[in-house]
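Participant: Quick one: this structure, given as structure tokens, is what I'll be asking you about.
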Amino acid sequence: MTYNPARQFRCTIIRGKAKNALDNLLPAYAKIISDICPSPKDQFALQFNERLSEILGESVEKTLNNHRTEIAGKFFGMYYEDVHGTIISSDRTEKYLEDSDQPAFFKDICFKFQFPNGMDKSENVIEKFSNGVSIRQFPYILKLLVLSEQRGLRLTKDEIGYYVLNSLDVLSGRVDPSVVLDFITSDRNAGIKKKVTVTGKASSYSMQHINEQLNYLELANLIRIDNKIISLNHRENETISFMSDYWNKDPEFNVGGYNLKDSVQRKQFYFDWQLFYSSLNKELKFTTSVDSLNIKVQPSGNGTSVIVDTNLIGEEGENFVLQFEKNRVSSFDHRLVRKVIYLGKTRGLGFDIQSVIAEPGEYSEFVKYIEVKTTKRVTVPDPRDPSWIDTVNLTRNEWVAAAQHRKYYSIYRVYLTPENVTIFTINDPYTKDEEGTIRCKPINYRLDFTNSSIDSVLSS
DNA sequence: GGTACCCGTGCT
DNA sequence: AGCACGGGTACC
């Protein structure tokens, strides 16, 4: 396949609305969708908009619609419409609510994304397809970055834009990444600096979709962007190696199988795409390890940053909280440290750590129960943000324990982010729920049945 | 006319 | 320069 980067082609993705506030919006989207689905389409739209406006504040209906359909629906694939017109919460949403692993959510998206796809309006799908665009662009970029680092080359956002994401030859698939690197190297040596620009258009028209694609790789914890220079996160080598192997594989969803000029087939195309994109391969579950976040703090959080053995943090953050809690209690009264006990391995207690209050006052030596809830995300949470919202799922046992122990019960919400750990402590969630500063809602149904409830027994 | 990606434009 | 509101616009 010949490679001539002068053959430029504008290949867009849906323009984001949720990057700066993503840490609030992604959990919110997920929670809202899971809460109100399954639901008829019109009801879904109504309720989604109502709930989202509580978070975004004063919002125009059209903006809410755009969040719902473009970001949560098309780009994030968080729900789909079934044959009966019912909106269903997708596998991707449910997995995220299960594991609270935001980088893994974006790994799924980066792995599954392709050009052309069913997120565009049909004229744009047809334009991409008829120009021969056919690529899994995220694996391709990763492959290119792996090879470039082997050559000691650091690529810039502008270079990825011009030589890759806006190059028709690359977008058509199968241009060997090493050929692209050769070209970039020789242009660099000749002092040529290329950048995507469209005359008469603002930079957002030519670059925003390119910047945002790289942002999503960063949100997936696979790359870091520093001053426009891109580097791989080598603590994610396993995922990078797995994904980059797909650089020259055909896109999984075959757009060519549909005649998009035909309205019936076009409708089928969008239906099939949404089902494909929002579902997850059962054998393929992306995760984000604590190690890959490269956390460099010590549990006391006293300012001096040291590299800790990430094994001490543990995948669930419980050991980290244990160390944190021991340090906290110790600095109050070192004799009380022996009362800080990890009980997370014991099922059914409704808490992970038994500690002591260790605050001035008559209750200082009273027992305190701590439930640890960990999430992984890419930015450090900011509690001063007025739109702050977060959700944790509690088991029945945990809520019973909160009700029983009241002010002697706390939830420690742990945020594992690149280089950092942040803990929000929520004391006495049960009373807070009564006062309305917290909203606790039962969501699980458990079906117990006996032989009298069985209608038939089927066996081979 | 209504819906929903597309993208000008202005805010940070 | 980055990014998202909400009007723009093409297709239903």
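The values are calculated or read from the model by the stated rules, or taken from the named source; none is laboratory data. Predicted, not measured: the structure shown is a model, and the values here were computed from it. Glycine gets a Cβ as well: all are built from the backbone with ideal geometry, and neighbour counts include every protein chain shown. We work out accessible area using only protein heavy atoms, side chains counted, and drop any ligands, DNA or RNA first. Shrake-Rupley method; radii C 1.70, N 1.55, O 1.52, S 1.80 Å.
Participant: Give me the residue from the stretch A:227-241 that is of a type in the set (S, T, N, Q) and outside any strand (DSSP E or B) and, out of that set, surrounded by the fewest Cβ atoms within 10 Å (Cβ to Cβ). Quick ask: steps written out before the conclusion?
Facilitator: Looking only at the stretch A:227-241, we keep the residues that are of a type in the set (S, T, N, Q), and these are A:227, A:231, A:233, A:237, A:239, A:241.
Okay, now just the ones that are also outside any strand (DSSP E or B), so A:227, A:233, A:237, A:239, A:241.
Numbers: A:Asn227: 6, A:Asn233: 20, A:Asn237: 13, A:Thr239: 24, A:Ser241: 12.
This residue is A:Asn227.
Participant: Give the stretch A:154-179 a look and list any residue that's polar (S, T, N, Q) and surrounded by fewer than 23 Cβ atoms within 10 Å (Cβ to Cβ), or say none. Write out each step before concluding.
Facilitator: Initially, the stretch A:154-179 is screened for residues polar (S, T, N, Q), giving A:156, A:166-167, A:172, A:178.
Within the stretch A:154-179, A:Thr156, A:Ser172, A:Ser178 qualify.
Participant: Sticking with this one: Suppose we filter the stretch A:1-42 for residues that are away from DNA strand C (no atom under 16 Å from the Cβ), basic (Lys, Arg) and closer than 26 Å to A:Glu81 by Cβ; how many remain? I'd like the intermediate steps shown before the answer.
Facilitator: Here is the first cut: in the stretch A:1-42, the residues away from DNA strand C (no atom under 16 Å from the Cβ) are A:1-9, A:11, A:30-31, A:33-40.
Next cut, basic (Lys, Arg) only: A:7, A:31.
If we keep only those that are closer than 26 Å to A:Glu81 by Cβ as well, we get A:31.
The number of residues fulfilling the criteria is 1.
Participant: Scanning for something farther than 20 Å from A:Cys110 by Cβ, in contact with a Leu (Cβ under 9 Å, 6 or more places away or on another chain) and part of a helix (DSSP H, G or I), does the stretch A:210-220 turn up at least one residue? Spell out how you get there, then give the answer.
Facilitator: First, the residues of the stretch A:210-220 that are farther than 20 Å from A:Cys110 by Cβ: none.
The answer is no; no qualifying residue exists.
Participant: Restricting attention to the stretch A:240-260, which residues are of a type in the set (Asp, Glu) and over 20 Å from A:Leu222 (Cα atoms)?
Facilitator: Pass one, the stretch A:240-260, residues of a type in the set (Asp, Glu): A:245, A:250, A:252.
Within the stretch A:240-260, A:Asp250, A:Glu252 qualify.
Participant: May I ask you to list the residues in the stretch A:246-260 that are within 16 Å of DNA strand C (Cβ to nearest atom) and either at pLDDT below 95 or within 20 Å of A:Ser172 (Cβ to Cβ) (or both)?
Facilitator: Residues of the stretch A:246-260 that are within 16 Å of DNA strand C (Cβ to nearest atom), as a first pass: A:255, A:258-260.
A:Val255, A:Tyr258, A:Leu260 - these are the residues of the stretch A:246-260 that are within 16 Å of DNA strand C (Cβ to nearest atom) and either at pLDDT below 95 or within 20 Å of A:Ser172 (Cβ to Cβ) (or both).
Participant: Filtering the stretch A:261-290 down to residues that are under 27 Å from A:Ala220 (Cβ atoms) and aliphatic (A, V, I, L, M), which residue is nearest to DNA strand C (Cβ to nearest atom)?
Facilitator: A:Leu275
Participant: So, one more: Counting only residues that are within 27 Å of A:Asn233 (Cβ to Cβ) and assigned to a loop (DSSP other than H, G, I, E, B), which one in the stretch A:189-209 is least open to solvent (accessible area, probe 1.4 Å)?
Facilitator: Here the residue is A:Val196.
Participant: Can you pull out the residues in the stretch A:210-226 that are near DNA strand C (Cβ under 10 Å from one of its atoms) and either among the aromatic types (Phe, Trp, Tyr) or open to solvent by less than 10 Å² (accessible area, probe 1.4 Å) (or both)?
Facilitator: Selection gives A:Ile210, A:Leu214.
Matching residues to (1) hydroxyl-bearing (Ser, Thr, Tyr); (2) more than 21 Å from A:Thr346 (Cβ to Cβ); (3) open to solvent by less than 30 Å² (accessible area, probe 1.4 Å):
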{"position": "A:Arg384", "(1), (2), (3)": "no, yes, no"}
{"position": "A:Trp388", "(1), (2), (3)": "no, yes, no"}
{"position": "A:Ala402", "(1), (2), (3)": "no, no, yes"}
{"position": "A:His405", "(1), (2), (3)": "no, no, no"}
{"position": "A:Phe424", "(1), (2), (3)": "no, yes, no"}
{"position": "A:Glu435", "(1), (2), (3)": "no, yes, no"}
{"position": "A:Arg439", "(1), (2), (3)": "no, yes, no"}
{"position": "A:Phe449", "(1), (2), (3)": "no, yes, no"}
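Participant: Restrict the check to the stretch A:57-69 and report whether at least one residue is assigned to a helix (DSSP H, G or I), within 30 Å of A:Phe242 (Cα to Cα) and open to solvent by less than 50 Å² (accessible area, probe 1.4 Å).
Facilitator: The initial filter retains those residues of the stretch A:57-69 that are assigned to a helix (DSSP H, G or I), namely A:61-69.
After this cut, where a residue has to be within 30 Å of A:Phe242 (Cα to Cα) as well, the list is none.
No - not one qualifying residue is present in the stretch A:57-69.
Participant: Then there is this: Pick from the stretch A:70-88 the residues that are under 20 Å from A:Gln213 (Cβ atoms) and not basic (Lys, Arg): which of them is surrounded by the fewest Cβ atoms within 10 Å (Cβ to Cβ)? If you could, list the steps in order and put the result at the bottom.
Facilitator: So the first thing to find is which residues in the stretch A:70-88 are under 20 Å from A:Gln213 (Cβ atoms), and the list is A:70-78.
After this cut, where a residue has to be not basic (Lys, Arg) as well, the list is A:70-73, A:75-78.
On the way: A:Glu70: 17, A:Ile71: 20, A:Ala72: 26, A:Gly73: 24, A:Phe75: 22, A:Phe76: 26, A:Gly77: 25, A:Met78: 26.
Filtering the stretch A:70-88 for residues that are under 20 Å from A:Gln213 (Cβ atoms) and not basic (Lys, Arg), the one surrounded by the fewest Cβ atoms within 10 Å (Cβ to Cβ) comes out as A:Glu70.
Participant: Would it be correct to say that A:Arg136 is open to solvent by 60 Å² or more (accessible area, probe 1.4 Å) and modelled with pLDDT of 95 or more? Break it down into steps so the answer makes sense when it comes.
Facilitator: Working: open to solvent by 60 Å² or more (accessible area, probe 1.4 Å): no; modelled with pLDDT of 95 or more: yes.
Considered against the rule, which asks whether it is open to solvent by 60 Å² or more (accessible area, probe 1.4 Å) and modelled with pLDDT of 95 or more, A:Arg136 comes out as no.
Participant: In the stretch A:120-132, which residues are over 12 Å from A:Val255 (Cα atoms) and either more than 13 Å from DNA strand C (Cβ to nearest atom) or polar (S, T, N, Q) (or both)?
Facilitator: A:Asn124, A:Asn131
Participant: A further question on this structure: Name the residue, out of A:Phe129, A:Phe115, that is open to solvent by 20 Å² or more (accessible area, probe 1.4 Å) and more than 30 Å from A:Val392 (Cβ to Cβ). Working first, answer last.
Facilitator: Details: A:Phe115 fails: open to solvent by 20 Å² or more (accessible area, probe 1.4 Å).
Residue meeting the stated conditions: A:Phe129.
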